[in-house]
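Visitor: Take a look at the following structure, please.
Values in this text are rule-based calculations from the coordinates and carry no lab data. What you see is a predicted model, and the numbers here were worked out from it, not measured in a lab. Every residue, glycine as well, gets a Cβ built from its backbone with ideal geometry; the counts of neighbours run over all protein chains shown.
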Amino acid sequence: MDDLLVIIPTRGRPHAIPEIMQAWDDTGATAHVLFAVDTDDPELAAYKKHAAALKADSRVRFAFGKRRRLVGTLNQQAVKAAKAYRFLAFLGDDHRPRPAAMPWDARIRECLSGGPGIVYGNDLLQGEAMATAVAMTSDIVTTLGYMCPPALVHLCVDLCWVDWGRGMGRITYLHDMIIEHLHPANGKAEVDQGYEEANSPEQVTADSAAYYEYRDGGGLQADLAKLRKLVEEAS
């Protein structure tokens, strides 16, 4: 079994690919990375060009498939990857790991090596409040059958990951592990079609309602029961 896979769903931002791989090189990361690209992406040709250029890099894979939005894409790829990787992580295509004394992916492995759990770093935007980039043991995905509650589309997933980790008593926040979120909210990115769609009033309303229903309507408690059993069995 391979070790750590970072899944990065991406749409409309092919320029992010070389920037992310530069961040891998700058931080000394050895984690595998999977770029999940929609086959209807207007920038598909540019993505395929990057895929061809990186074909010889054993760390990198591309998956081209039907558009499922962020949650659908992440769940599809995570469930498949859980069979081959001990640890799974999510980064947005607007996240960039930053150099530190110990590579960020090594710290993830270290934190998760003790059994089922979740770890996240400082994105310089939400900090400890939200796991906007996250890593977890793959047995969490196998146990639940997904990496994100499927009722969500894009937003509030980072809140669910914190809920899971706290609820199972196995979460670590590393304030000095910087995985920077280059987002319009902190003035580090321009608003593009992807941000407009994900943060539209309609999407905010829909995902917020789905999150509160999951959190308060029994879904979270059902998942936490499975995760606590997983922790108990691993002890």
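Visitor: Quick one: which residues, 5+ away or cross-chain, put their amide H under 5 Å from the amide H of residue 36? H built at 1.01 Å from N.
Guide: 8, 10, 63
Visitor: Can you order the peptides 185-191, 215-221, 77-83 by their average number of other Cβ atoms within 10 Å per residue, highest first? Can you show the working numbers first?
Guide: Values: 185-191: 11.4, 215-221: 13.6, 77-83: 19.1.
Output ranking for 185-191, 215-221, 77-83: 77-83, 215-221, 185-191.
Visitor: What order do you get for 102, 147, 21 when you list them from fewest to most C-beta neighbours inside 10 Å? Walk me through the numbers before you get to the answer.
Guide: Numbers: 102 12, 147 27, 21 19.
Exposure proxy ranking, most exposed first: 102, 21, 147.
Visitor: Something else now. So which chymotrypsin sites (Phe, Trp or Tyr not before Pro) in the stretch 1-97 are both in a DSSP loop and have at most 15 other Cβ atoms within 10 Å of their Cβ?
Guide: Details: sites: 24, 35, 47, 62, 64, 85, 87, 90; in loops: none.
Here no loop site has a sparse enough neighbourhood.
Visitor: If you don't mind, there's one more thing I want to ask. Taking the DSSP beta bridges in the chain as the whole, what percent of them are antiparallel, to the nearest 5?
Guide: On the way: 9 of 31 bridges.
Approximately 30 percent, going by the DSSP bridge assignments.
Visitor: For the chain, what does -39500 (n - 2.57) per DSSP helix run (n ≥ 4), summed and divided by total residues, give at 222 nm, in deg cm²/dmol to the nearest 500?
Guide: On the way: 9 runs with 100 residues, N = 235.
Computed mean residue ellipticity for the chain: -13000 deg cm²/dmol.
Visitor: Amide H of residue 180 versus every other amide H placed in the peptide plane: which residues, excluding those fewer than 5 positions away on the same chain, fall under 5 Å?
Guide: Amide H neighbours of residue 180, under 5 Å, 5+ apart: 96, 98.
Visitor: I need the fraction of alpha carbon pairs in the stretch 2-234 separated by more than 32 Å, rounded to a whole percent.
Guide: Working: 3583 of 27028 pairs.
Tail fraction, whole percent: 13.
Visitor: Contact order normalised by length for the chain, with contacts defined as Cα pairs under 8 Å and 6 or more residues apart; what percent is it?
Guide: Details: 412 pairs, mean separation 50.0, N = 235.
That works out to 21 percent.
Visitor: Alpha carbon centre of the stretch 191-211 versus the stretch 85-150: separation in Å?
Guide: Cα centres, the stretch 191-211 to the stretch 85-150: 23 Å.
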